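One structure below.
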Amino acid sequence: MELTPEQYEIINSTGNIKINAVAGSGKTTTVIEYAKARPATSKILYLAFNKSVKLEASKKFADKGLNNVKVETAHSLAYRHIVFQNNYKVRGQGYKTNEIAELLNLQGNEEKHTEYVIANHINKFIAYFCNSDKQKVQDLNYLDTVTDPKAKIFVLSFYEYIVSQSRLLLSKMDKGEIEVTHDFYLKKFQLSNPKLPYDYILFDEGQDASPAMLDVFFKQQATKVIVGDTHQQIYGWRFAVNSLEKADFKTYHLSTSFRFSQDIANLAMEVLKYKKHINEHQTIPITGKGNSKEIKTKAVLARTNLGLLLKAIEYVTEKKKIKHIYFEGNINSYTYADEGASLYDVLNLYKNKTHLIKDKLIKAMKDLDELEDYIEKTEDVQLAMMVEIVREYGNKIPDIIKAIKEKHVDNDDKEKAEMIFSTVHRCKGMEYDAIQLVNDFISEEKLEKLKKDKKAEEINATKLNEEINLLYVAVTRTKNSIHIPETLMPLDFPKSTQIHIMKVVSEEEKQEAKTAELNDQKSKTEKAYSVDEVRTKHKDAYKPWTPELDTELTTMFCEGVNPKDMAKHFGRTRGAITSRIKKLELEELYG
């Protein structure tokens, strides 16, 4: 691969530097070439974001014969320094709310489940402290992280108790009385002020670094290189900070993406311009040099687990011909909250079948109303999503999940999947030939409404900035084409053969469609709609198919878009779409 002038500049640089790299700009290649250009006797540490990135990077450095480069994650470094030395036992999944309540023998008040709400906040406070660069729990104000008014009132009334019990739980871990969490040993590593024996330290995905790890990095004597994308910071909920802004190093840019074309680059830049609604913002120019034409990997990407599950449900019920699907990450992680409560637990609470509930926290609740009260006081987004799914689908859930799991392939057979499903957080760093976005991201219209309806001090600019970043990360996962809901599109964006805009149907229209379907089923001889009514409802229903429209339909069919979404896109009936697919023999050719 021919290197760009920007890459050469970085490779030939001296001293501490930071690299702001757009999606798909070859940052790993650049970092490898940077390491190659250093003396062979140099000791180099490459800090990867997670284990999968570590394995991939290790292979790439080894293939280039760079045996002087050690690849680690922040946690693998800390594990070796802290866990081994202290003979700690590590708890893989962290502590559940009910376990903390039992471990600390928490006392509530006359209100129901107060001890569980307190335990939930202790868990979050400890995560906040362990990811921070502060020396003591008391150096932080946990209230700064709480946004919901009801949750804030609760935390304020129990604040001192939450602080003292958080310190007690940390003390138990420190003494080895109980298992330690991954967050804990990373924090202890930072507090030990380690001196790492390297000449160069290359810190990847810097925009999502925790202040704790950043503190370790900045204190090293080595020449430091930090690389990331300011606009890909999406882990603020894990108390990550944008270290590219914190690092007072000379700045370099990688602004050419080899993943996608200029059309996609233009869309990404327009999405980033949404930030003008919340702060002064300058978009980094992106040059798109990708020219992939093949469509092998297709993915549906969502902002939330809920949005993704709803789209997956649509696929397994609408697209019967799709035999193999794949969820990035463990399929079960989409039906379980971080703390272990499952969708089935929430369903059994809804059905009043308490004896079938496995999770202790959910089992302690009398009904969904009590659970929703707990959710309000703790801001537990995952549980809130599960409640939404249960209220929407109720008793259909077991059959729906069963249908999804029957079509799901294992990791080793991922290439067999006709459609991959993922949230943006789980597909970070991934790329696909074609993507379809679920309509659960922030839109410019929502941003404008927030700005109009709320006072400046009520707007959480950091959170909204991250919401825009999520849409940007989603858009830039594609190598070829994207299907995007019209509500997420920038205004007056020029037409493109690679960007397919999908019509979004309102709830009223959905209800009308359901009614129409019921009417249609009543009698095969009796028409539910006259031709005129269909013409009115689907204005393009009887327009002739042009070669251009046929090409677009063929592309969408090959990319796995379901007939329902195609009908919305073309403004035609589903019957018209199915008929045209048959006429063009698309199932025989591409099915």
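The values are calculated or read from the model by the stated rules, or taken from the named source; none is laboratory data. In this text the structure is predicted, and so the values were computed from the model without any measurement. Because the Cβ atoms are built from the backbone with ideal geometry, glycine has one as well, and the counts that use them run over all protein chains shown. Accessible surface areas use protein heavy atoms only, side chains included; no ligands, DNA or RNA. Shrake-Rupley method; radii C 1.70, N 1.55, O 1.52, S 1.80 Å.
Which option, (1) 43.5; (2) 25.1; (3) 30.2, is the value of mean projected area of the Cα convex hull in nm² that was calculated from these coordinates?
It is the value labelled (3).
Excluding same-chain residues fewer than 8 positions from Lys479, which aspartates and glutamates have a Cα within less than 15 Å of its Cα?
Once the sequence-local aspartates and glutamates are set aside, what remains near Lys479 is Asp263, Glu294, Glu431, Asp433, Glu559.
Rounded to a whole number, what is D in µm²/s for region 331-419 from Stokes-Einstein with the Kirkwood radius over alpha-carbon pairs (10 °C, 1.306 mPa s)?
So the translational diffusion coefficient is about 113 µm²/s.
Going by average Cβ neighbours within 10 Å, how do the peptides 394-405, 89-100 rank, with the highest at the top?
Top of the packing list down: 89-100, 394-405.
State, as an integer percentage, the relative contact order of region 300-377 based on alpha-carbon contacts under 8 Å between residues 6 or more apart.
It rounds to 17 percent for region 300-377.
As a test of the formula, what do you get for the chain when each DSSP H run with n ≥ 4 contributes -39,500 (n - 2.57) and the sum is divided by the residue count, at 222 nm and rounded to the nearest 500 deg cm²/dmol?
After summing the helix terms and dividing by the residues of the chain, the value is -13000 deg cm²/dmol.
Could you work out the local net charge near Leu356, counting Lys and Arg as +1, Asp and Glu as -1, over the other residues with Cβ closer than 14 Å to its Cβ?
+3
Taking every DSSP beta bridge that has both residues in the chain, what percent is antiparallel when rounded to the nearest 5?
5 percent
Exceeding 23 Å between C-alpha atoms, which entries from my cross-link table qualify? They are Lys319/Lys396; Lys136/Lys195; Lys296/Lys402; Lys150/Lys454.
Lys296/Lys402
Within the set Lys187/Lys224; Lys51/Lys224; Lys59/Lys293, which residue pairs have Cα atoms separated by over 25 Å?
The answer is Lys59/Lys293.
Please report Rg over Rh for region 270-339, where both radii come from the alpha carbon positions and Rh follows the Kirkwood definition. Intermediate results must be reported in sequence, preceding the final value.
Numbers: Rg = 17.7 Å, Rh = 16.1 Å.
Using Cα coordinates only, the ratio equals 1.10.
If amide hydrogens are placed 1.01 Å from N in the peptide plane, which non-local residues have theirs closer than 5 Å to the one on His408?
Result for His408 returns Ile325.
Over region 408-484, what is the mean sequence separation of C-alpha contacts under 8 Å (at least six apart), divided by residue count, expressed as relative contact order in percent?
Relative contact order of region 408-484: 51 percent.
In whole Hz, with x marking every Gly and Pro, tabulate ³J(HN,Hα) for region 430-436 from phi via Karplus 6.51 cos²θ - 1.76 cosθ + 1.60, θ = phi - 60°.
Calculated HN-Hα couplings, in order: 8, 8, 9, 5, 9, 10, 10 Hz.
Net charge near Pro494, counting Lys/Arg +1 and Asp/Glu -1 over other residues with Cβ under 12 Å of its Cβ? Could the numbers behind the result be given before it?
Working: positive: Lys495; negative: Asp263, Glu270, Asp492.
Local net charge: -2.
May I ask you to give the solvent-accessible area per residue for region 23-139, in square angstrom, as obtained with a 1.4 angstrom probe?
49 Å²
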